[in-house]
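To start, the structure under review is shown below, and the notes come after it.
The values are calculated or read from the model by the stated rules, or taken from the named source; none is laboratory data. Only a predicted model underlies this, so the values are computations on that prediction, with no experimental measurement involved. Please note: Cβ atoms are built from the backbone with ideal geometry, for glycine as well, and neighbour counts cover all protein chains shown.
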Amino acid sequence: MHQRYRGFSEDFRLYMDKRSGWPSNSEVYGWFLNNYGGLKKDVYPAAKRGEVVGEKFVNGFLALLLAPPDPRSLGSTMRHARAVLADFLHERGIHSLTQATPESLLAHIAGPPTTEPPARSAKIDYLRKGASAIGEFVLLGTSIDRFVQACDNRTDGDVHEAVRWMYIRLGQSIAPGGSLNDASANRERRSRPVAKGASAHETRNAEMSEADAEAVAAAHIRLPRTEYQARAVAWQRFNPWTVMYARDKSRRVGMSIVLPLQDAAYQDILDGKRASYDMTPKDLTSPSANLLIEACAERPDSGRPADANPTRGLLMALGMQLAALSRCRDLPAGTELRLLSFAGTPTNRDRLLDTGFKATGRTMARTGAELLEHRIPLGTWRADVLVHVAMFRFFSELCDGPPPD
């Protein structure tokens, strides 16, 4: 008999993430040890990230949540996990866990079973998990800096190429057949203004040539690629952490741009007085509590390895850039980090919302892109910011020197 595999559904994973509903590792591994003889240590984190795992784990996880409470062994995380599961299913018309069959419950919390072995990490959108995914990598002892690479300072070629990738990915998303023009996928999103910043896991017009995609993007951004490249070179010369490459298995798979802004420049963008890409080195400062995520794009298909997952490296690159440019470790306790970005594409908007950004009700000058903001008070003990603070503190230690070559 072929082994069967299964994974949690995306809406269930995100619901559990947002409600902090996952049981603790000790309770999960203890349950599987007592009932199934054990569980490999990487299965539970992989399932929470959205990877396909053995169907036995998914079935056992549901059985754990449905098991009668045992006050001698089950802690508060299990009670909370059961409550979150009940809320999730209640919103989908299941009002009694005891009267529903396990099969009907599995249909809501998991995808269909398959005999296809899992391709680990290939299709997970780590950018939607944000700091929680970084925490999992840190706990597993993953070397974070191997996911990022600095631009070569001896020439402007690396910065130019990074910007070219951004233009191509945006143009392919905007063009007919891309995610921004897919009526069936984006009917409910048409009222949302969008702008530059193509991203991983977008629906793209793969038939469009790279040159045509660049032209579409330039018209949308209202700035020729060569002029944007000149501005990006100036940012990178101000601080090499501003423009970075993301790597997967030592191969470049994406690019990202983060700008540390002075108070006035940040407010100008938020007030719709200036576009994000109108920033000059005079508007930048580091350390800074005002950070603009200007670009996050994966490598065009023509040069990207088929087995690569750009979102993992892009998440690490963004985390290291935010920490290195804010120097949050040196900021006074109680300082509020302000992160600003925009809805470059529908997928990017969803990612920002999933990781704590809020709609501001404002739009960017020139492009009309919807602006979103995430404020993180340093030194507070609110549970919803602890993981973010830990991420910034950890990366501050890692980012004392120049970016990895």
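Name the single residue, out of those in segment 230-263 being part of a helix (DSSP H, G or I) and within 25 Å of the chain's Cα centre (by Cα), that is nearest to residue 145 (Cα to Cα). First the steps, then the outcome.
The initial filter retains those residues of segment 230-263 that are part of a helix (DSSP H, G or I), namely 230-238, 263.
Applying the additional criterion that residues be within 25 Å of the chain's Cα centre (by Cα) yields 232, 235-236.
Working: 232: 22, 235: 21, 236: 19 Å.
The qualifying residue nearest to residue 145 (Cα to Cα) is 236.
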(request) Within segment 91-100, identify whether any single residue is of a type in the set (Gly, Ala, Ser) and assigned to a helix (DSSP H, G or I), and answer yes or no. (result) no
Selection from segment 207-229 of residues of a type in the set (A, V, I, L, M) and either assigned to a helix (DSSP H, G or I) or surrounded by fewer than 18 Cβ atoms within 10 Å (Cβ to Cβ) (or both) yields 211, 213, 215, 216, 217, 218, 219, 221
Within segment 19-33, the residues that are exposed (fewer than 15 other Cβ atoms within 10 Å of the Cβ) and either acidic (Asp, Glu) or farther than 16 Å from residue 78 by Cα (or both) are 33
Pairing a residue in segment 316-331 that is closer than 19 Å to residue 246 by Cα with any residue that is of a type in the set (Ser, Thr, Tyr), where Cβ atoms lie under 6 Å and the two sit 6 or more apart in sequence or on different chains, gives 317/256; 318/256; 323/396; 325/286
Just one listed residue, out of 405, 384, is surrounded by fewer than 15 Cβ atoms within 10 Å (Cβ to Cβ), at pLDDT below 85 and not assigned by TED's automatic domain parsing to the domain that holds residue 290, and it is 405
Restricted to segment 264-288 and to residues being assigned to a loop (DSSP other than H, G, I, E, B) and surrounded by 22 or more Cβ atoms within 10 Å (Cβ to Cβ), the residue modelled with the lowest pLDDT is 288
### Message
free of Cβ contacts under 8 Å to residues at least 24 places away in the same chain and part of a helix (DSSP H, G or I): is that true of residue 352 in this structure?
### Response
yes
Picked from segment 314-349 (must be of a type in the set (S, T, N, Q) and in a helix (DSSP H, G or I)), the residue nearest to the chain's Cα centre (by Cα) is 348
Residue 166: passes all of (1) in a helix (DSSP H, G or I); (2) at pLDDT below 85 but (2)
Residue set 331, 314, 318; condition modelled with pLDDT under 85 and among the aliphatic types (A, V, I, L, M); output residue 331
Residue hits (segment 21-34; in contact (Cβ under 8 Å) with a residue 24 or more places away in the chain and in contact with a helix residue (DSSP H, G or I) (Cβ under 7 Å, 6 or more places away or on another chain)) are 21, 22, 23, 24, 27, 28, 31, 32
Checked segment 243-263 for anything buried (at least 16 other Cβ atoms within 10 Å of the Cβ) and closer than 22 Å to residue 367 by Cα; matches are 243, 255, 256, 257, 258, 259, 260, 261
